[in-house]
Amino acid sequence: GAGVSQSPSNKVTEKGKDVELRCDPISGHTALYWYRQRLGQGLEFLIYFQGNSAPDKSGLPSDRFSAERTGESVSTLTIQRTQQEDSAVYLCASTQPMGSDTQYFGPGTRLTVL
Amino acid sequence: EDQVTQSPEALRLQEGESSSLNCSYTVSGLRGLFWYRQDPGKGPEFLFTLYSAGEEKEKERLKATLTKKESFLHITAPKPEDSATYLCAVRVQGSGGSNYKLTFGKGTLLTVNP
């Protein structure tokens, strides 16, 4: 079946603007994760959803970052008042329900803040 | 704090020249060590999961091993198409069942020349 998809693939925005990044997980995957990959750095965990509930938001860098998920489907990561340090690749991953711990990643959204 | 360190940062091999990548970790309560491959402009692609010291897994020219302190990804007779960044990640026991997120190393960039 189809893998995790993300849109847009690339986003260039001006400092101070808001952006929305979208993730479509693999059908049937109940858990969804957002990570950030900055140049030369390892992937950083941002937020985890189980269904449409987010039990752990501790990885969100600031209150400018928020995320929501509709049921066990699409998730949106919103960054308000973007800053240059927000420039990174934002990756989404999902896992099967009930005991599987393999996270399958989407292709990412490359965000550039000018 | 959980730490994952990968070495070397970059490795250049000739086609057919076998070698190993290292992932050392300092965590409390390992619940799985993951290897991913990442091609430029793409999301990480799952390779292996290892759970306990002494465990080994193989896939084509790749073999992953695990000890109590580190994991190795052995590449036998590599081909140019094996060129990619190889990422190591750990899943650890967390409080309140928070053992879902992955902590990543910075990766090893492997280049295999023909």
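The values are calculated or read from the model by the stated rules, or taken from the named source; none is laboratory data. Computed from a predicted model, the values in this text were never measured in an experiment. Using ideal geometry, Cβ is built from the backbone for each residue, glycine included, and neighbour counts are taken over all protein chains shown. In case anyone asks, the SASA skips ligands and DNA or RNA and just uses the protein heavy atoms, side chains included. Shrake-Rupley method; radii C 1.70, N 1.55, O 1.52, S 1.80 Å.
For every residue, the table says whether it meets (1) surrounded by fewer than 18 Cβ atoms within 10 Å (Cβ to Cβ); (2) modelled with pLDDT of 95 or more.
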site: A:16; (1), (2): yes, yes
site: A:21; (1), (2): no, yes
site: A:30; (1), (2): yes, no
site: A:33; (1), (2): no, no
site: A:37; (1), (2): no, yes
site: A:42; (1), (2): no, no
site: A:49; (1), (2): no, no
site: A:58; (1), (2): yes, no
site: A:66; (1), (2): yes, yes
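Does the stretch B:42-53 contain at least one residue that is closer than 30 Å to residue A:7 by Cα, touching a Pro at 6+ places or on another chain (Cβ under 9 Å) and assigned to a strand (DSSP E or B)? The answer is no, given that none of the residues of the stretch B:42-53 is closer than 30 Å to residue A:7 by Cα, touching a Pro at 6+ places or on another chain (Cβ under 9 Å) and assigned to a strand (DSSP E or B).
The set of residues in the stretch B:19-40 that are open to solvent by 70 Å² or more (accessible area, probe 1.4 Å) and either under 30 Å from residue A:8 (Cα atoms) or away from chain A (no Cβ under 12 Å) (or both) comprises B:26, B:28, B:40. Considering only the stretch B:52-66, I want to know if a residue exists there that is within 13 Å of another protein chain (Cβ to nearest Cβ), out of contact with any helix residue (DSSP H, G or I) (no Cβ under 7 Å at 6 or more places or on another chain) and not aliphatic (A, V, I, L, M). Within the stretch B:52-66 (the criterion being within 13 Å of another protein chain (Cβ to nearest Cβ), out of contact with any helix residue (DSSP H, G or I) (no Cβ under 7 Å at 6 or more places or on another chain) and not aliphatic (A, V, I, L, M)), the answer is yes, since at least one residue qualifies.
Table: residues versus (1) open to solvent by 50 Å² or more (accessible area, probe 1.4 Å); (2) in contact (Cβ under 8 Å) with a residue 24 or more places away in the chain; (3) part of a helix (DSSP H, G or I).
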residue: B:58; (1), (2), (3): yes, no, no
residue: B:64; (1), (2), (3): no, yes, no
residue: B:68; (1), (2), (3): yes, no, no
residue: B:72; (1), (2), (3): yes, yes, no
residue: B:78; (1), (2), (3): no, yes, no
residue: B:87; (1), (2), (3): no, yes, no
residue: B:91; (1), (2), (3): no, yes, no
residue: B:100; (1), (2), (3): no, no, no
residue: B:110; (1), (2), (3): no, yes, no
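Of the set (1) facing another protein chain (nearest Cβ under 10 Å); (2) modelled with pLDDT under 90; (3) outside any loop (DSSP other than H, G, I, E, B), all apply to residue A:54 but (1). Using the structure shown, decide if residue A:63 is outside any strand (DSSP E or B), out of contact with any His (no Cβ under 6 Å at 6 or more places or on another chain), within 13 Å of chain B (Cβ to nearest Cβ) and not basic (Lys, Arg). No, not satisfied.
Please determine, by comparing only the residues of the stretch A:66-96 that are assigned to a loop (DSSP other than H, G, I, E, B) and touching an Asp or Glu at 6+ places or on another chain (Cβ under 9 Å), which one is nearest to the other protein chains (Cβ to nearest Cβ). So, considering only residues that are assigned to a loop (DSSP other than H, G, I, E, B) and touching an Asp or Glu at 6+ places or on another chain (Cβ under 9 Å), the one nearest to the other protein chains (Cβ to nearest Cβ) is A:74. Among residues of the stretch A:25-44 that are at the interface with chain B (Cβ under 8 Å from one of its Cβ atoms) and part of a loop (DSSP other than H, G, I, E, B), those with a Cβ under 7 angstrom from a residue that is surrounded by 19 or more Cβ atoms within 10 Å (Cβ to Cβ) and hydroxyl-bearing (Ser, Thr, Tyr), sequence gap 6+ or separate chain, pair up as A:43/A:35. Every listed requirement among (1) within 23 Å of residue A:23 (Cβ to Cβ); (2) surrounded by fewer than 21 Cβ atoms within 10 Å (Cβ to Cβ) is met by residue B:44 save one, (2). With respect to being closer than 20 Å to residue B:43 by Cβ and in contact with a Pro (Cβ under 6 Å, 6 or more places away or on another chain), residue A:43 falls outside the description.
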